[in-house]
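The structure appears below as structure tokens.
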Amino acid sequence: MNSSGASSQLPLVSVVVVNYNCKKWLEHFFLSLRAQTIFNRAEIIMVDNTSKDGSAEICEKEMATWPGGVFLQTGGNYGFGGGSNRGAAIARGKYLFFLNPDVRLEPDCLEELVKRAEETKSKVACPLVLDYDSDNIQGQGASGFDFFGCMTVPRTGQTLETPFTVATFYFIERELFQKFGGFDEEFFLYNEEMDLSWRAWIAGESVTLLRSARIHHQYASNGERAVENRTSEKKRFYANRNQLLTILKNADGLLLVLALNQLALITLEAIVGTLLARRLSFMRWSLFKPVAECWRLRHHIRQEREKNRMLRQRGDWWILCHFFQFGFGRWEDAKRLFKSGLKIDKA
């Protein structure tokens, strides 16, 4: 770990950035951090998961010149959750804000996150996510979950309260993050934020969308949403396994039926994907391996359910009444992808 030297005043917010081969995004990302209106009250922790593109060296050199800069090399690839947890372990700020470097923040983003969180008494929040080169809305949290336990897109003008944060732009009070035990490192890729948000809700907390805090994400460029009709067997493995894990860990009883619905959905996905890819390996990666992994992690699931039992202040009925929305959002998304000629890469 390399630190440029700690200030006598504790930072207001620690920005924990997990980097893995993101060299091409670093210049604009660093400029947007430098331009923050509360830059002098922020701690920037760059966590590198053993990048191979030279970005680790750039991050280390940059952090050495910042008054609140810290560089942490993990020595391995621990995914977003594992990298975030290691950064959070050395953070000193009252709040934590988790990011990847493929973004640029508007100048008052950090200030608005902290100010609005203080005003609304929110301990968990997410910013409004815009396309990288425009102000088109890319993400604003989720408004609930559907018949399969998948996140649903909020409608225009929906309230500030959101069940789950968007992607990995997670803002949370540091003490609460520690109380929850951080991100679940078994996830490695996808759904860490949904899992942590679910734990926040059942523990009696709320998750708030702070629209005045704006961040631009590289998912789109040149003002147009970049739709990549491509996936891979490994991506489908992580997505399907982690969706099941999220439900199995956090549902108390009634909502465990969502795991059966999710299993039916990924079975159908596996059949269609296998026919589309014309290889049985897709069936193995998208269905058999996720189910087998959930079985392998059964002791972990049991331990996490016990932790949740100690924290739980809200049951499934409360979650169902507040956040269940009739619909088949993920199924509709899958149909659009398949109709547009989805390409499936090998693992």
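For region 178-195, the Karplus equation 6.51 cos²θ - 1.76 cosθ + 1.60, evaluated at θ = phi - 60°, returns couplings of 5, 4, 7, x, x, 6, 7, 6, 5, 5, 6, 8, 6, 6, 4, 6, 5, 4 Hz by residue, with Gly and Pro reported as x. Computed from point charges on the beta carbon alone (+1 for Lys and Arg, -1 for Asp and Glu), the dipole magnitude for region 1-154 about its Cα centre is near 520 Debye. Counting every alpha-carbon pair across region 233-302, the share separated by more than 14 Å comes to 56%. Each principal axis of the Cα atoms in region 1-144 has its own extent, and those three values, largest first, are 37, 35, 28 angstrom.
Considering only TRP201, LEU297, LEU248, whose Cα is most displaced toward the positive end of the charge dipole of region 192-313, charges sitting on Cβ of Lys, Arg (+1) and Asp, Glu (-1)? After comparing all options, I get LEU297. Translational diffusion of region 61-105, estimated by Stokes-Einstein from the Kirkwood radius over alpha carbon pairs at 37 °C in a medium of 0.692 mPa s, is 273 µm² per second. Among LEU110, SER32, LEU128, pick out the residue whose Cα is farthest towards the positive end of the charge dipole of region 5-156, where Lys and Arg carry +1 and Asp and Glu carry -1 on C-beta, about the Cα centre. The one lying farthest along the dipole's positive direction is LEU110. More than 17 Å apart: what percent of Cα pairs in region 15-93 qualify? Percentage above 17 Å: 40.
A short reminder: the numbers here are calculations on the coordinates, not readings from a lab. All values reported here derive from a predicted model rather than from experimental measurement. Note that each Cβ is placed from the backbone with ideal geometry, even for glycine, and that neighbours are counted across all protein chains shown.
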